[in-house]
Amino acid sequence: MKAPSFRYVRARSLQHAYQVLQHHNGDAVAIAGGQSLMAGLNLRLSGPKVLVDIGGLPELSGMDCGGKEVRIGALTRHVEVLRSKALQERIPLLPQAVSHVAHAAIRNRGTLGGSLAYADPAAELPACAVALDATIVVGGLEGEREVKATDFFTGLMDTNLKPGELILAVRFPVPPPHTRFAFDEFTRRQGDFAVVGLAVTALVGGDQIETARAVYFGCVDRAKLAEQVSSALCGLKLPVADRGAIRNAVTKDLEPDDTPGWRAETKLRLAQVLTQRIVSRLAESGTQ
Amino acid sequence: MADSADKSRSSQKAIGASIPRSELTRLMSGKGRYVDDIKLPRMLHLAYVRSPHPHARIISIRIDEALGAPGVEAVLTGDDLNPMCKPLVGVALHRPGHRSPPQSLLATERAVWQGQPVVAVVALTRAEAEDAAEQVTIQWDPLRAVTHPLDALDKSKPVVHPELGDNLAFDFTINKGDTDKAFAEAAFVVEDQFRFERQLAMTLEPRGLIADFNPGDGSLTVIHSHQSPFQMQDVFSQHLGIAEHKVKVLAPDIGGGFGMKLNLYAEELAVAAASMRLGRPVKYCADRLESFLADAHARDHVLTGRMAVSSAGDITAMEVEDFGAVGAYGMPLRFNVAEGMMAITMSGAPYNFSDYKARTRSLYVNKNLVGMYRGVGMPFACVLTEVLADRAARAVGMDPVEFRRRNYRPRGSYPCVTPGGQKLETVSFHECLDKLVKLIDYDELRKEQQALRQEGIYRGIGIATFVEQTAYGPPYYGPSGARISTQDGCNLRLEPSGVLRCVTSITDQGQGTLTGIAQIIADSVGVPYADVGVMAGDSSISPYGGGAWASRGMAIGGEAALGAGRKLRANILDLAAAITQTSVEQLDITGGQVVNTKTGMAVISLADVAKVGYFRQDTLPADFDVQLSVSHSFAANAQMCYLANGVQASYVEVDVESGFIKLLGQWAVDDCGRIINPLLVDEQVRGGIAQGIGAVLFEECMYSPEGYLQNGTLVDYLVPMAGDLPDIFVEHVETPETATELGAKGVGEAGLIGAMGAVWVSVNDALVPFETVITHQPFSPERILDAISRSPGALNTGH
C-alpha cells in the first residue's frame, strides 16, 4: 500500500497550476484535501505522474454569503460548511448534508471542490449541488466558464472538466424563504458512503408542494435530477396521503446495479422507503 | 489451599484495584515501538507477489524485469526458499483421521487460494519492493475453485489437494445417550440451519516481523508482532535448522492480536529464510490489503441444530451438525479442527440434558487458511443453543428467562460433565442470570417491547448464556504433537534500591496483562504496585512459556507470578531475619517494608535488605545463601481448561421497512473467577462485545462463487466503530477457580461469545411478530428484508 512514485508540484498561482496540468495532459492531477485521491494512490488504483497541489491558492478560498447567491470557494473544507452560521440560515441543506460526510478527520481536510471534481456517485455534495441548482465556476488556461451542476456530472466519476481545468468555486442560489429541505441516507455505519441517499429541495405554498428537486446518491451512476420523483412531488398536498405515485416514480428514475451485499431490487426498495420518509419530513419541517 | 491464598490476600491492595494499563501513557503519546517503527542497519524490505486466483496452475514466472528494478536486491521464488525450510504440516495427532498435506513457503506449481504468496521481492524500501513486484509476470492457468462448506464434499466440485482424494480434513462424532428416542418422544422439536460467514480479526497493527540472520555466528533474531515468541523460537529453530539457543524472538509493542497473531504463517517463515539467504535483516509488514488476503481468517461454518423439549418445558436432547470451510491447508500448530470441535463440544453446555448427538467436519476449500480468532468455535455453540432455547421457550409458551432458569443445571449439581464433555465445576449460570435480569429490568423491558409493537416499532430482547473455555492446559495440546507450551513462568528480582523487576513469559497485545502481573507481584511480595516493573516478549530471557492465547494471562501467567512473588518474599524475609537477627516468623513485608508481625512497626526497608544482599554479604553469616532472583513456572498439569461463564443481554430495534438494525443496549454479567483488575476485565468484556456485535451485524469476507474476495478494504469490510456501538454495561459474579491459588479464570473471549449469542437472539426476537427468522450472519439489511419477505403473514410494512 505504497503509492507509486509521482512528482509533486505546489502551485504558486492559478496560472501555474493550469500550466502544469495542461502540460502533462491526463497525467497530472490536482490535489486539494486528498481524502479520496491519496487513498486511491495508495491502493494503486490510479498512478498520475504529477500531483499539483492547489492547497495554497488564495483564489480558491473563501465563502461569500452576502448576496442573492452564496459563493463558496473550491478549497472550502467540509468542516467550514458544517459550521457556517450563514449557511445554516440561508442554505441549511449544505451543513445538514455535510454532517453525513465521513468523519471529523476527513471533514477537516476534504474540500467542496474536491468532492465535486471527484464525482463519487455515493457522495453527498454533488447531489446537493444539483438539488440546489448550483453553478460551478471552472477555470483553465482559456479562461473561466460556468457550468450548471445539472450538466457538470457526466458519468460515473466523470465530469465536464477538461484536462487542465480546475473548479474555482460553486455558486448556490439562495432559495426563497418558503423552501423546505430534506436530506437523509442509508449507511451501514455512521460516516460510510451511502447505499441510498436523497437530497430534496421543495418550494411549499401553504400545504402544497409547488416545485421540487430530488437528487439521489449512492444508487445512481452520477448526481442528476430525479425527474420523475421531482415532478411526482409537484402539486402534492402535505402530508402526502397516497404514496403509490411516488414509489412508482422512484422505480422510473432509478436503475441501480447489483453490488456485493446489495441486490438492485433491495436498493430500489430502500430508495422508496427513504423517499417516503423524506416526503413525510418535508411536511414536518414546515411546522417548525 | 484457599486458606493460604486468602491469607496472602488479607493485606492486599493492588489485586482488585482498577489500575489503568501501565503502558498507556507511552502508547497514547505516540511513544510506542511497533515492528514497523524499528529500523536495523542494512535492513531490506520484502513485498509479496500473490496469487490473484483462488485456484490456478502456474505456467511460468518471469522475474527479469523485477530484478532490474530500482532498489531491488533479490527476487525469490519457491524454488529459492522452499528447500531452506521444513514444510509445515497442520495435522493434530490427537485427532485420528485428521489430514493436511505439507505446505511450502511459496506456491510453485499451483496456487490454492487467492492471496497465496508466490514470489518475494526484496528491496531497499517497501515502495521499491512494491514497484518491482508489479514487474513480476506470472502466467496463470486458472482452475475451478471450491469455496462453500456445503459444496466441499460434492463430487462434482474440485478437490483442493488431489493426493487426499477429497476435501475432507476431519470428521468427528459425539454420541451420548439415546438421542433418537428423545427426539421421537419430544413434545416439541425446534431446529434450524445457521450460517456464519467468514471474517477477520482485523488488528489495528497488521502482522509484521524483522528477521535478522547473522552469518557471522549463525544466529537468528526475529522481532515479531506475535503473541507467542516461544512458539516462534521453536518454529524458526525446527523448520530452518538453527540450534534453538541461537534463535531469539522478540515481541515489541503489539497493536492487537485476538488470536490472529498466534498462528504460524508460511509467509513469515519465508521472511526468515530470505534473511538467511541474503545475510541481512529483512522486514515484512503486511499492509491492510494483505491483511484481508493473508491474515488467518475465521468462521465460515454452516451448522444445523435441533433441540427436543418436553411439554413441561425441559430440554431433553440436542443434535448438532457442523461443516467448516477451513481454507486450503490445516493451520500449522493450531490445526483447523478447533472451531468445529468447540462448536459440538460446547453446544447445550449450560443445560441439563444428557442425550446428545453431534458431528463436525472440517473441509478444505480454495480460500485462505482459517486460524485462531477470539472465541474460536465457542460463539457457534452459544448462538445455536440460545437461538434454539428461545424458540423452544416460545413453543412451550414459557418466558425465555423462565425457560433458561428451568433448564440450567441446578445449583448444587456441580461438578458434573456435560454431554459434550465439559467439566463444570465453578460455574454460576443462575447467579449471573438473576443479576442480569435485575440489571436490565427485564419485566419492564418486555412491557416496553410489547407496547412499542402496537406502534409498529419492532424491538427484540436477547438473553444468551455462555461458557468460555479459558487457559487451555497440557491435556489438550500435549497429545496433539504440537510443541505448544501451556505453562508460563516468571523471573523476579529484588533490585538494589528495593524495587522489583519481573520478566514474564506472558505477552500483552493491549489487554493490560502486564499490569495485572505487576498487581499480583506487588501483593504477593508486599510492595506498592508502583515498585514493580514488568517486561515481557523476549523468548530468550524469561522462563519458557506459552504467551498470550486462550485467555490465559491471569489464570496461568498470574499463578506463575504469584509463585515467584511468594518465593522472593520468603527469600527476602530470610535475609531480613539474618540481618536483624530475629526469627522469620516475627517478620512480614508490607508496603515495601519489612515489619514486625505483631507490632506492624517497620524493621528494615527492602532497600536496606537489598543493600546487604548485593553489596555487604560480608556482614552475613559465612554460609548464608542470598537468593534475591527467583524463577517460578506454573502449568495446570491435569486441567483441560478453566471454564468461565456469564450471561449477556441485547436490546435491538429492527427497522422492518429498511432492514437496518439499531442496537439500543448491551449488558453482560460475567464470571471470570477472581478479578485482578476490574477496569481491565471490563475493557476485555467490552472489547469482546464490540467484536461480537461486529460479527453479527457487520463483518463479512464476501467471496464470489468463483472464490474471489470482493471486499478487501476497510471501506467495504465493515468493522463497527465507536459510533456504531451502544452503551455496554458490565457486571460480575466472582466464583474463584478452585484449582489454583489465585483463583483467576480467563476473560478474553467472554464478551465476544456472549454478545454474538445475545444479538442473534434479540434480532430474532424482534422478528417474532413476522413469524420469520434470520439465521445468516452477518445480519445485513438485505438479509433482514429477505427474512421479513419470507413471513407467512406477509405483514404489510407499507409496500
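The values are calculated or read from the model by the stated rules, or taken from the named source; none is laboratory data. Small disclaimer: the values here were computed from a predicted structure and weren't measured. Heads up, the Cβs are rebuilt from the backbone with ideal geometry, glycines too, and the neighbour counts pull from every protein chain shown. Calculation scope for accessible area: heavy atoms of the full protein, side chains included, ligands and nucleic acids excluded. Shrake-Rupley method; radii C 1.70, N 1.55, O 1.52, S 1.80 Å.
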Going through B:PRO621, B:PRO678, B:PRO705 one at a time, which residue ends up being within 14 Å of chain A (Cβ to nearest Cβ) and open to solvent by 10 Å² or more (accessible area, probe 1.4 Å)?
B:PRO705
Restrict the check to segment B:550-562 and report whether at least one residue is at pLDDT 95 or above, surrounded by fewer than 24 Cβ atoms within 10 Å (Cβ to Cβ) and either out of contact with any helix residue (DSSP H, G or I) (no Cβ under 7 Å at 6 or more places or on another chain) or closer than 21 Å to B:GLY256 by Cα (or both).
no
B:ALA343: passes all of (1) in contact (Cβ under 8 Å) with a residue 60 or more places away in the chain; (2) in contact with a helix residue (DSSP H, G or I) (Cβ under 7 Å, 6 or more places away or on another chain); (3) not aromatic (Phe, Trp, Tyr) but (1)
Only one of A:VAL196, A:VAL215, A:VAL170 is farther than 30 Å from A:PRO260 by Cα and surrounded by 17 or more Cβ atoms within 10 Å (Cβ to Cβ). Can you tell me which?
A:VAL170
From the set of residues in segment A:245-270 that are free of Cβ contacts under 8 Å to residues at least 12 places away in the same chain and touching a Leu at 6+ places or on another chain (Cβ under 8 Å), which is nearest to A:VAL229 (Cα to Cα)?
A:ARG269
Within segment B:713-750, count every residue that is open to solvent by 30 Å² or more (accessible area, probe 1.4 Å), assigned to a loop (DSSP other than H, G, I, E, B) and under 27 Å from B:ILE440 (Cβ atoms).
7
Yes or no: segment B:87-97 includes at least one residue that is in contact with an Asp or Glu (Cβ under 7 Å, 6 or more places away or on another chain) and of a type outside the set (Val, Ile, Thr).
yes
Counted residues, segment B:469-528 - those being in a loop (DSSP other than H, G, I, E, B) and among the acidic types (Asp, Glu)
2
All but one of (1) in contact with a Gly (Cβ under 8 Å, 6 or more places away or on another chain); (2) away from chain A (no Cβ under 14 Å) hold for B:VAL654; which doesn't?
(2)
Candidate set from segment A:251-271 (those that are open to solvent by less than 30 Å² (accessible area, probe 1.4 Å) and in contact with a helix residue (DSSP H, G or I) (Cβ under 6 Å, 6 or more places away or on another chain)); member that is farthest from A:ALA241 (Cα to Cα)
A:PRO256
Selection over segment A:186-200 where residues are in contact with a strand residue (DSSP E or B) (Cβ under 6 Å, 6 or more places away or on another chain) and within 11 Å of chain B (Cβ to nearest Cβ) yields a count of 3
Please work out which residue is farthest from A:PRO256 (Cα to Cα), limiting yourself to segment A:224-241 and to residues that are open to solvent by 10 Å² or more (accessible area, probe 1.4 Å) and aliphatic (A, V, I, L, M).
A:LEU238
Quickly run through segment B:183-201 and pick out the residues that are open to solvent by 10 Å² or more (accessible area, probe 1.4 Å) and among the hydrophobic types (A, V, I, L, M, F, W, C).
B:PHE183, B:ALA184, B:ALA186, B:ALA187, B:PHE188, B:VAL189, B:VAL190
In segment B:152-182, which residue that is open to solvent by less than 60 Å² (accessible area, probe 1.4 Å) and of a type in the set (Val, Ile, Thr) is farthest from B:ALA325 (Cα to Cα)?
B:THR179
A:SER5: in contact (Cβ under 8 Å) with a residue 12 or more places away in the chain and touching a helix residue (DSSP H, G or I) at 6+ places or on another chain (Cβ under 9 Å), yes or no?
no
List pairs: first residue in segment B:454-483 and open to solvent by less than 40 Å² (accessible area, probe 1.4 Å), second residue at pLDDT 90 or above and of a type in the set (Asp, Glu) anywhere in the structure, Cβ distance under 6 angstrom, at least six positions apart or on different chains.
B:GLY460/B:ASP765; B:ILE461/B:ASP765; B:GLY462/B:ASP765; B:ALA464/B:GLU386; B:GLU468/B:GLU749
Has segment B:353-373 got at least one residue that is part of a helix (DSSP H, G or I) and open to solvent by 10 Å² or more (accessible area, probe 1.4 Å)?
no
Of all residues in segment A:2-36 being within 14 Å of chain B (Cβ to nearest Cβ) and not hydroxyl-bearing (Ser, Thr, Tyr), which is farthest from B:ALA129 (Cα to Cα)?
A:GLN35
So, in segment B:207-229, of the ones that are touching a Lys or Arg at 6+ places or on another chain (Cβ under 6 Å) and assigned to a strand (DSSP E or B), which residue ends up least open to solvent (accessible area, probe 1.4 Å)?
B:ILE210
Take segment A:252-288 and flag every residue that is aliphatic (A, V, I, L, M), within 13 Å of another protein chain (Cβ to nearest Cβ) and touching a Lys or Arg at 6+ places or on another chain (Cβ under 9 Å).
A:VAL279
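Suppose the filter is under 30 Å from the mean Cα position of the chain (by Cα), farther than 28 Å from B:ILE210 by Cα and open to solvent by less than 30 Å² (accessible area, probe 1.4 Å); does B:PRO149 pass it? Lay out the reasoning, then the answer.
Working: under 30 Å from the mean Cα position of the chain (by Cα): yes; farther than 28 Å from B:ILE210 by Cα: yes; open to solvent by less than 30 Å² (accessible area, probe 1.4 Å): yes.
The answer is yes for B:PRO149.
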Filtering strands (runs of 3 or more DSSP E) wholly in segment B:244-327 for at least 1 residues that are away from every other protein chain (no Cβ under 14 Å), under 27 Å from the mean Cα position of the chain (by Cα) and not aliphatic (A, V, I, L, M) gives B:247-250, B:297-309, B:315-327
Assess whether A:GLY218 counts as being closer than 16 Å to A:SER280 by Cα and within 14 Å of another protein chain (Cβ to nearest Cβ).
no
Only unsatisfied item for B:PRO769, checking (1) modelled with pLDDT of 95 or more; (2) within 30 Å of A:ALA39 (Cα to Cα); (3) open to solvent by 30 Å² or more (accessible area, probe 1.4 Å), is (2)
On the basis of being within 25 Å of B:GLY565 (Cα to Cα), hydrophobic (A, V, I, L, M, F, W, C) and open to solvent by 20 Å² or more (accessible area, probe 1.4 Å), does B:VAL626 make the cut?
yes
Wholly within segment B:90-206, strands (runs of 3 or more DSSP E) carrying at least 1 residues that are of a type in the set (Val, Ile, Thr) and in the same structural domain as B:ALA274 (by TED's automatic domain parsing)
B:117-123, B:137-142
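Quick check, is B:VAL417 more than 30 Å from B:VAL160 (Cβ to Cβ), without any contact (Cβ under 8 Å) to a residue 24 or more places away in the chain, among the β-branched types (Val, Ile, Thr) and surrounded by fewer than 23 Cβ atoms within 10 Å (Cβ to Cβ)?
Numbers: more than 30 Å from B:VAL160 (Cβ to Cβ): yes; without any contact (Cβ under 8 Å) to a residue 24 or more places away in the chain: yes; among the β-branched types (Val, Ile, Thr): yes; surrounded by fewer than 23 Cβ atoms within 10 Å (Cβ to Cβ): yes.
The answer is yes for B:VAL417.
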